[in-house]
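So the structure is just underneath, and the comments pick up after that.
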């Protein structure tokens, strides 16, 4: 049975899950700093094993960014990601109480855009906001 916990995972848990979904790992200290700056963090566990994760970053008033929605492959297509998104959107709605026009963004990995569409997300282009961009180093 999957249990959901509103908590910041350890850097080891985070690196385990990012590696499991093919995103690689980062230095534990860097991960710890980043995770501690999250506005909201939700972990999915099967027993002691973290199997899914998602978080919100941003300024709480004008912009929110849904980040790191991940479910390890053997638990995908079992509603873990859906449940994480539902909890995240519930928290987004709490932030909307202060500013109903808060902008909520996310960067969908290639091939999973339809997953986010079922929650009401559209592309920046569809919202007349232009294409999203990233700084290439």
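The values are calculated or read from the model by the stated rules, or taken from the named source; none is laboratory data. Remember, it's a predicted structure, so these values are computed and weren't measured experimentally. No Cβ is skipped: glycine too gets one built from the backbone with ideal geometry, and neighbour counts run over all protein chains shown.
Read through the list (1) out of contact with any strand residue (DSSP E or B) (no Cβ under 8 Å at 6 or more places or on another chain); (2) at pLDDT 95 or above; (3) not in a helix (DSSP H, G or I), then give the number of the only condition that residue 90 fails.
(3)
Starting from residues that are at pLDDT 85 or above and assigned to a loop (DSSP other than H, G, I, E, B), keep the ones in the range 109-137 and report whichever is nearest to residue 21 (Cα to Cα). So that I can check it myself, show each step before the final result.
Filtering the range 109-137 for residues at pLDDT 85 or above gives 112-122.
With the extra rule that they be assigned to a loop (DSSP other than H, G, I, E, B), the set shrinks to 112, 118-122.
Values: 112: 13, 118: 21, 119: 22, 120: 24, 121: 22, 122: 24 Å.
The residue in question is 112.
Step by step: first the residues of the range 72-86, then only those that are under 14 Å from residue 50 (Cα atoms) and in a loop (DSSP other than H, G, I, E, B), then the one that is modelled with the highest pLDDT. Which residue is that? Write out each step before concluding.
Pass one, the range 72-86, residues under 14 Å from residue 50 (Cα atoms): 72-76, 80-81, 84.
If we keep only those that are in a loop (DSSP other than H, G, I, E, B) too, we end up with 72, 76.
Details: 72: 97, 76: 94.
Among them, the one singled out is 72.
Specify the residue that is modelled with the lowest pLDDT; the eligible residues are those in the range 1-28 that are crowded, with 16+ Cβ neighbours inside 10 Å and part of a loop (DSSP other than H, G, I, E, B).
Checked the range 1-28; the qualifying residue modelled with the lowest pLDDT is 21.
Scan 57, 88 and give me the residue that is surrounded by 17 or more Cβ atoms within 10 Å (Cβ to Cβ), without any contact (Cβ under 8 Å) to a residue 24 or more places away in the chain and within 24 Å of residue 24 (Cα to Cα).
Details: 88 fails: without any contact (Cβ under 8 Å) to a residue 24 or more places away in the chain.
Result: 57 is the single residue among 57, 88 that is surrounded by 17 or more Cβ atoms within 10 Å (Cβ to Cβ), without any contact (Cβ under 8 Å) to a residue 24 or more places away in the chain and within 24 Å of residue 24 (Cα to Cα).
In the range 29-67, what residues are part of a loop (DSSP other than H, G, I, E, B) and under 25 Å from residue 97 (Cβ atoms)? I'd like the intermediate steps shown before the answer.
Here is the first cut: in the range 29-67, the residues part of a loop (DSSP other than H, G, I, E, B) are 37-39, 47-48, 59-62.
Answer for the range 29-67, where residues must be part of a loop (DSSP other than H, G, I, E, B) and under 25 Å from residue 97 (Cβ atoms): 37, 38, 39, 59, 60, 61, 62.
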